[in-house]
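The block underneath contains the structure these notes are about, expressed in structure tokens.
The values are calculated or read from the model by the stated rules, or taken from the named source; none is laboratory data. Keep in mind it's a predicted model, so treat the numbers as computed, not measured. Heads up, the Cβs are rebuilt from the backbone with ideal geometry, glycines too, and the neighbour counts pull from every protein chain shown.
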Amino acid sequence: MRRVTAPPRLNWRREVEELGFTDHTIDGDLYWDEGGWYELSLAEIEEIETATNTLHKMCLQAVQVVLDDDRFDEFRISPAFRDWIRASWDNDEPTVYGRFDLAYDGRTPPKLLEYNADTPTALFEAAVVQWQWLESVHPELDQFNSLHEQLIEAWKWLREHGMTRLGFAATEGHEEDFGNITYLRDTAAQTGIVTDYLDVSAIGFDSAQQTFVGTDCVPIDCLFKLYPWEWMIAEEFSPHLLTAKTQWIEPPWKMLLSNKALLVLLWEMFPNSEYLLPASWKPLTGDFVRKPILSREGSNIQLVRRGAVLSETDGPYSEVAVVYQAFHPLPDMGRGHAVLGSWIIGDAACGMGIREDKNPITHNSSRFVPHLIRG
């Protein structure tokens, strides 16, 4: 694995905007960065793929442990929603996707930093934008990227199992979320599913029909929401979630996997796994990272080395319970600390994206750098 520096395409802005990727620059700084790329060998890609598939299976086992041993308290989930989550799992409600954030340098096994299991973003740039870059710059080479094809297969499976119409909901005015939801909606439509866009704030509940409805009062039978479950269950309408006929993607049981309490449970279950870092509810001996169990975009993270705070971020999660995970350095190959986001579609690893930042804590505007396979 190595970082290559090269000049970007002269017309790169036009190229990516023609794909519909308009948020390539955030507050004047580049988000999409094709002033180089990461090169990985096929063996390294296979190692990432194996690690991702293994972690996915471990996470599913962890859900079963939470349910069997009634460990919802550790995840700070209200008793009101526990049977509902349990029913979602027992009914095998389908999941479409998730993203494992990994530390990987090509020399040691990938290490799990966290699992973005509910509302992962950066999908469009991983699936489409970096693939178009590869075809433009290095058409003779390959990339770990069958995300687009596997998404279509996932929607096709859902359509064959009765999901013929699907709403897609995001928060109005959030360009990144709208771009991701538009892409997901397009892939679903390619399989024949009828799709509708809904702003989260425009969704209501019809008590007579016991279902959520859109602005036209038409029942929402199935809804893909780019809105986190921990926000959903904190909303005024949350009691209706327990009785609504609406089917959700991602399903309620995924809130167990999008919670960083998972890191502690995984370490308890699989202490010998080469893909895990020690994690605890108490500060660890040595260097560690303190993380709120529910946080987003790198907020309220604290990195402690040799007893001193090396780096920390602020944010809205200061009152949230925290876990402690052993520090593992992110590779820095000259342009910044890199986090590898490895995607699961359905039950299989099928692509990745790399985010890079001068700071050791990745946040929402950290640069996205494309990758390719060589050798």
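Checking each residue in segment 263-276 for being closer than 20 Å to Leu340 by Cα and out of contact with any Leu (no Cβ under 7 Å at 6 or more places or on another chain) picks out Leu263, Ser273, Glu274. Kindly establish whether Tyr275 is closer than 17 Å to Glu114 by Cα and assigned to a loop (DSSP other than H, G, I, E, B). For Tyr275, the condition - closer than 17 Å to Glu114 by Cα and assigned to a loop (DSSP other than H, G, I, E, B) - is met.
The strands (runs of 3 or more DSSP E) found wholly in segment 298-375 include none carrying at least 3 residues that are within 25 Å of Glu230 (Cβ to Cβ), touching a Gly at 6+ places or on another chain (Cβ under 6 Å) and modelled with pLDDT under 95.
Within segment 164-177, residues that are assigned to a helix (DSSP H, G or I) sit with their Cβ atoms under 7 Å from residues that are surrounded by fewer than 22 Cβ atoms within 10 Å (Cβ to Cβ) and among the acidic types (Asp, Glu), at 6+ positions apart or across chains, in these pairs: Glu175/Asp23; Glu176/Asp23.
Of all residues in segment 48-93, those that are touching a Pro at 6+ places or on another chain (Cβ under 7 Å), buried (at least 18 other Cβ atoms within 10 Å of the Cβ) and not small (Gly, Ala, Ser) total 2.
Results for (1) in contact with a helix residue (DSSP H, G or I) (Cβ under 9 Å, 6 or more places away or on another chain); (2) more than 24 Å from Trp157 (Cβ to Cβ); (3) among the aliphatic types (A, V, I, L, M), shown as yes or no for each residue.
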{"residue": "Asn180", "(1), (2), (3)": "yes, no, no"}
{"residue": "Asp186", "(1), (2), (3)": "no, no, no"}
{"residue": "Ser201", "(1), (2), (3)": "no, yes, no"}
{"residue": "Ala208", "(1), (2), (3)": "no, yes, yes"}
{"residue": "Cys222", "(1), (2), (3)": "yes, no, no"}
{"residue": "Glu230", "(1), (2), (3)": "yes, yes, no"}
{"residue": "Trp248", "(1), (2), (3)": "yes, no, no"}
{"residue": "Ser273", "(1), (2), (3)": "yes, yes, no"}
{"residue": "Leu284", "(1), (2), (3)": "no, yes, yes"}
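Against the numbered list (1) crowded, with 17+ Cβ neighbours inside 10 Å; (2) assigned to a strand (DSSP E or B), Asp196 comes up short only at (1).
If you go through segment 264-278 and keep only what is among the hydrophobic types (A, V, I, L, M, F, W, C) and either free of Cβ contacts under 8 Å to residues at least 24 places away in the same chain or within 11 Å of Val322 (Cβ to Cβ) (or both), you end up with Val264, Trp267.
Exactly one residue out of Asp221, Asp287, Asp216 is over 21 Å from Thr121 (Cβ atoms), acidic (Asp, Glu) and free of Cβ contacts under 8 Å to residues at least 24 places away in the same chain, and it is Asp216. For the subset of segment 89-131 comprising residues that are out of contact with any strand residue (DSSP E or B) (no Cβ under 8 Å at 6 or more places or on another chain) and of a type in the set (Ser, Thr, Tyr), which member is nearest to Pro251 (Cα to Cα)? Out of the qualifying residues, it is Thr121. Of the helices (runs of 4 or more DSSP H) entirely within segment 1-117, those holding at least 1 residues that are more than 26 Å from His174 (Cβ to Cβ) and modelled with pLDDT of 95 or more occupy 42-68, 82-90. Put simply, of Arg14, Arg3 the only residue that is free of Cβ contacts under 8 Å to residues at least 24 places away in the same chain and among the charged types (D, E, K, R) is Arg14. Determine if segment 199-217 includes at least one residue that is among the aliphatic types (A, V, I, L, M) and either surrounded by 21 or more Cβ atoms within 10 Å (Cβ to Cβ) or under 17 Å from the mean Cα position of the chain (by Cα) (or both). No, there is no match, as no residue in segment 199-217 is among the aliphatic types (A, V, I, L, M) and either surrounded by 21 or more Cβ atoms within 10 Å (Cβ to Cβ) or under 17 Å from the mean Cα position of the chain (by Cα) (or both).
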